[in-house]
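Below is one structure, written out as structure tokens; the observations come after it.
Values quoted throughout were computed directly from the atomic coordinates according to the rules given, and no laboratory measurement underlies them. Treat the numbers as computed from the prediction; the structure is a model and nothing was measured. Ideal geometry is used to build each Cβ from the backbone, glycine not excepted, and the neighbour counts take in all protein chains shown.
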Amino acid sequence: MENKASVLLKSALNHGLIFGVILVIIQLVMWMTGFMPVGIGKGLLILAITFAIYIFGTFWFTKNYRNTVLGGYISYGDAFLYGFTVFMIATIVTAIYSFIFNSFIDPDYTARIVKASSEWTETYMRSKGASETQISTALDRISGKELPTPLNSSLKSVGFGLIGGAIVSAISSAFAKKVEEPFKD
């Protein structure tokens with residue numbers, strides 16, 4: 001019989017790979033449709049949708065593990081560990097995809113996002129009556145930043161995945177936990 005840690009890791013690896021592929025497909029669809037996540041509204045919308053997908057996906061996979069592997073019960077700590085492991089595996093999958101995408105599929109994508117961001121910022125600031133100096137300063141700040149390399153971008157996403165995974169797992173585990181009643185018999 002397999003021990004608890006190897007069962008958790010095997011299941012989390014499976015679910016993490018599935019979750020990672022789902023996230024990659026979402027990113028590919030956004031890219032293929034030409035969606036540019038620039039501006040306040042689009043940025044907040046993408047942030048909210050992404051956060052909801054992360055919480056729901058982590059919850060769903062943890063609940064699936066709880067019900068199919070653990071017989072319907074899981075502690076908060078075990079749910080957190082499982083969800084965090086799934087999230088980190090999905091993060092590694094998306095980081096690998098991001099590296100490949102930014103290195104080989106569309107190396108100019110980040111530069112186009114920066115350009116679209118600059119254009120949006122200029123339009124927005126003009127609509128709010130900002131002075132030419134303020135607009136120029138803001139645009140210089142945007143264009144003065146060095147574009148991250150594909151490797152730096154991927155490594156940074158894994159770092160954010162550690163923090164985001166802990167937050168998302170803490171939230172989803174609260175809903176996925178289910179402790180067996182000690183006096184049910």
Subset of region 131-158, residues more than 29 Å from residue 95 (Cα to Cα), of a type in the set (Val, Ile, Thr) and surrounded by 15 or more Cβ atoms within 10 Å (Cβ to Cβ), comes to 135
Conditions: (1) more than 29 Å from the chain's Cα centre (by Cα); (2) outside any helix (DSSP H, G or I); (3) without any contact (Cβ under 8 Å) to a residue 60 or more places away in the chain. Residue 134 meets all but one. Number of the miss? (2)
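Of all residues in region 113-131, which are of a type in the set (A, V, I, L, M, F, W, C) and either assigned to a helix (DSSP H, G or I) or closer than 16 Å to residue 38 by Cβ (or both)? Step through it out loud before you land on a result.
To start, the set of residues in region 113-131 that are of a type in the set (A, V, I, L, M, F, W, C) comprises 113-114, 116, 120, 125, 130.
Hits for region 113-131 are 113, 114, 116, 120, 125.
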Residue within region 91-102 that is of a type in the set (A, V, I, L, M), surrounded by 19 or more Cβ atoms within 10 Å (Cβ to Cβ) and under 21 Å from the mean Cα position of the chain (by Cα) present: yes
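Quickly run through region 21-51 and pick out the residues that are outside any loop (DSSP other than H, G, I, E, B), aliphatic (A, V, I, L, M) and over 22 Å from residue 161 (Cβ atoms). Reasoning before the result, please.
At the first step, the residues of region 21-51 found to be outside any loop (DSSP other than H, G, I, E, B) are 21-32, 40-51.
Then keep just the ones that are aliphatic (A, V, I, L, M); that gives 21-26, 28-30, 32, 40, 44-49.
Scanning region 21-51 gives 32, 40.
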